[in-house]
1. Looking at the structure I just gave you, is B:Arg101 touching a helix residue (DSSP H, G or I) at 6+ places or on another chain (Cβ under 6 Å), of a type in the set (D, E, K, R) and within 14 Å of chain A (Cβ to nearest Cβ)?
2. B:Leu81 versus (1) within 25 Å of B:Arg137 (Cβ to Cβ); (2) modelled with pLDDT under 95: which is the lone unmet condition?
3. What do you reckon, is A:Ala144 out of contact with any helix residue (DSSP H, G or I) (no Cβ under 8 Å at 6 or more places or on another chain) and surrounded by fewer than 16 Cβ atoms within 10 Å (Cβ to Cβ)?
4. Is it the case that some residue within the stretch B:161-177 is within 23 Å of B:Gly72 (Cβ to Cβ), within 14 Å of chain A (Cβ to nearest Cβ) and in a helix (DSSP H, G or I)?
5. Just give me the residues in the stretch B:104-121 being away from every other protein chain (no Cβ under 13 Å) and over 23 Å from B:Ile230 (Cβ atoms), in sequence order.
6. Do any helices (runs of 4 or more DSSP H) lying entirely in the stretch B:1-119 carry at least 3 residues that are surrounded by fewer than 16 Cβ atoms within 10 Å (Cβ to Cβ), and which ones are they?
7. Of (1) in contact (Cβ under 8 Å) with a residue 60 or more places away in the chain; (2) under 22 Å from B:Thr82 (Cα atoms), B:Trp220 satisfies all except one. Which?
8. In this structure, does A:Arg23 turn out to be closer than 25 Å to B:Arg114 by Cβ and within 14 Å of chain B (Cβ to nearest Cβ)?
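The values are calculated or read from the model by the stated rules, or taken from the named source; none is laboratory data. Predicted model only: the values in this text are computed from it and were never measured. Cβ coordinates were reconstructed from backbone atoms using ideal geometry, including for glycine residues, and neighbour counts include every protein chain displayed.
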Amino acid sequence: MALLKPAATAGRRAGADAYASRRRVVWLAVTGFCGTCALMVLRFFFPRTLFEASTRFRIGYPADFALGVDERFKQSNRIWVVREPGKLFAIYAKCTHLGCTPNWIEAENKFKCPCHGSGYDMEGRNFEGPAPRPMDRTYVELDAEGQIVVDTSRLVQCAPTGPCEFDANPESYVVISS
Amino acid sequence: MKPEPEREANRVPLRERVRQTQLWKSIFRVELQRTDKRTRALAVLSNVFLHLHPARINRDAVRYGYTWGMGGISFYLFLVLTVTGVLLMFYYHPTKIQAFRDILYLEHDVPFGRLLRNMHRWAGHLMVITIWLHMLRVVLTGSYKTPREFNWVVGVILLVLTLLLSFTGYLLPDDQLGFWAVTVGTNMARAAPLVGNDIRFALLGGSIVDANALLRAYVWHCIGIPVVAIVFMSVHFWRVRKDGGISGPAPVVLESEITPAGKPK
């Protein structure tokens, strides 16, 4: 190296710099391309359209429901519609213990979870088994036509301790005059 | 090599510090040192991905004008097809009700779905073409001759497997084109003597191109044939190495390498 003339050293240095910056550009391009592909793949896993049941739907008129628990919308929308004198509400059919779907047992007048035996009365209040709180209720309202609209993306929850305040929340039930 | 003064003044670069960690050293046992050819080869040989390539290769064998790079490009396309194919599987259901609907869904709504599907389609077409060109090159350069005759046979099997992959992929969109292509194709299988009808029956899982045929095409396309192809590809690449490397032209000696006495340096 020492024997090289200054001009030759400078030339070699310039060549080495060009080599280094060319390498940097190539690596930048490669990582940029791979990074963009990774982001595209990530985006790919989030579909724009879903083919699931809508969370907001109409279930008919209050007169369509007799007193008691109605199971017609359990399979399709995971709710029970419960009519009591003067009001109607929908229970979201999901056990508050670990999320199984309980069964309505007409003969015993209770909901029973097959997974760990949690039991709920007709209004969805837990009275046996490991469930920590009553089952959630869904948002319900009457539309202009008088039909009942349910929205399962808006759940009304009961606190695990203390009195249950479903009746304090007007979104959790509709009043029926008859 | 002497470090430059300004570089010396800086603290130890992050890259160097990472390379000193136990984690790094446990993964990369041998550090790449550009000191001499032997230690460079050692770094290559102790890395599972790099050792797939030969540590050293005849300079003349990598001339594109000679190899066309078609074998490598075919393998690269296989990798593209594997990645895009696995991604397509996330949105595709091999059932009569959903298959074609999923194709439309991929084309029009899934993020990057159309790009992905077209990548899979074009890579599939290209792979058949590049394999033919690869075979043409092997014929033209006489690379099928001893000691490479067995690898030629493995290559022919790989060609057949590639064509079968193309054929089974044809039915999966469950459109008119694929339906009739498979109808015709399996009728051709019927022409085989004695067992023709049985072959067709086993391929379709029935007597008509229907739900069973779609599912069978799917399983063969995504699992069965690729697994067999990977086994034969491994043998194919291994044998390239064992049969003396990529076959090359007669060695070229550069003018600068010839000493006045006429001996290579």
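1. On the way: touching a helix residue (DSSP H, G or I) at 6+ places or on another chain (Cβ under 6 Å): no; of a type in the set (D, E, K, R): yes; within 14 Å of chain A (Cβ to nearest Cβ): yes.
For B:Arg101, the condition - touching a helix residue (DSSP H, G or I) at 6+ places or on another chain (Cβ under 6 Å), of a type in the set (D, E, K, R) and within 14 Å of chain A (Cβ to nearest Cβ) - is not met.
2. All conditions are met except number (2).
3. Numbers: out of contact with any helix residue (DSSP H, G or I) (no Cβ under 8 Å at 6 or more places or on another chain): yes; surrounded by fewer than 16 Cβ atoms within 10 Å (Cβ to Cβ): yes.
Judged against the criteria, A:Ala144 is a match.
4. no
5. The one that is away from every other protein chain (no Cβ under 13 Å) and over 23 Å from B:Ile230 (Cβ atoms): B:Asn118.
6. Values: elements: B:5-9, B:14-20, B:22-27, B:37-45, B:64-67, B:70-89, B:99-108.
Passing ranges, in order: B:5-9, B:14-20, B:22-27, B:37-45, B:70-89, B:99-108.
7. Of (1) in contact (Cβ under 8 Å) with a residue 60 or more places away in the chain; (2) under 22 Å from B:Thr82 (Cα atoms), only one is false for B:Trp220: (1).
8. When the stated conditions are applied, A:Arg23 does not pass them.
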